[in-house]
Structure formats: structure tokens, C-alpha cells
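Everything below concerns the one structure shown next.
The numbers here are math on the coordinates, done by the rules we state, and not lab data. Here the structure is a predicted model, which means the values were calculated and not measured. All Cβ positions, even for glycine, are placed from backbone atoms using ideal geometry, and neighbour counts span all protein chains on display.
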Amino acid sequence: MPEKNTTSQTIEELQARFEDFKEQKLVVEVQKKSALEKLNEIKQEALAKWGSDDLDELKSSLKKMKKENEQKRARYQKSLDDIEQHLVQINEQFVEAELEETE
């Protein structure tokens, strides 16, 4: 926060400060309007994509989706592990069969 101005200022200086504040206010109002428009766009996008623009509901949905994805990933990994194990067994049987043929 700027230091307080303890020296006396002329009316012109005070008017200049006031004009600066007015300009700053306008800039902030434009930024606020822009931010609100962007928020509205994001909310509309969330409604269209996810059926809600409620942050808590979206967080809950994301948590559920992550859990489901983890379950799917674990099933996929298990399937690949099972396939790999089965291939190892087949390979072992093949090697045994070849050894029996050469005896």
C-alpha cells in the first residue's frame, strides 16, 4: 500500500490524482467484465460437456472418473499379466515338447 501523502497538495494535484483513480477504476471494471464473461463461457462449456457448472459437483465427478480409470487400468494390467503368464506357459510346453522330440 502506498505511503500516505502528508504534504499539502494543490487542487490541480488532487484533481490529477482523482483522474488517475478514475482511470484505474475503469481499467479494473473492464478487467472485471472480461473475467465475468470468461467465467460465463467456462460455465457454459462445463454445462455442455459435463452437465453441470457446479464446482463441487465437477470435483466429485472428476474424482469418480479417476477412480473408474484406475480400476480400468488395473484390469488392463491384470489382463496383460495373465496373457504374459499364459504365453510363458505355452513357451515352456513348446520347449518341453521339442526336447521330447529330440530324445
(message) Please compare each pair in Lys33/Lys72; Lys38/Lys63; Lys43/Lys66 to a cut-off of 32 Å on the Cα-Cα distance and tell me which ones are over it.
(response) Lys33/Lys72
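I'd like the projected area of segment 54-103, averaged over all directions, using the convex hull of its alpha carbons. Report it in nm² with one decimal.
The orientation-averaged projected area of the Cα hull of segment 54-103 comes to 2.8 nm².
Find, among the GluC sites (Glu not before Pro) in segment 1-98, those assigned to loop by DSSP (not H, G, I, E, B) with at most 14 other beta-carbon atoms within 10 angstrom.
On the way: sites: Glu3, Glu12, Glu13, Glu19, Glu23, Glu29, Glu37, Glu41, Glu45, Glu57, Glu68, Glu70, Glu84, Glu92, Glu96, Glu98; in loops: Glu3.
Qualifying residues, ordered by number: Glu3.
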(message) Could you tell me the extents of the chain's C-alpha atoms along the three principal axes, largest first, rounded to whole Å?
(response) 113, 34, 17
(message) Distance between the C-alpha centers of segment 1-48 and segment 65-92? Whole Å please.
(response) 58 Å
(message) Rounded to the nearest 20 debye, what is the charge dipole size of segment 1-84 about its Cα centre when +1 sits on each Lys and Arg Cβ and -1 on each Asp and Glu Cβ?
(response) 500 debye
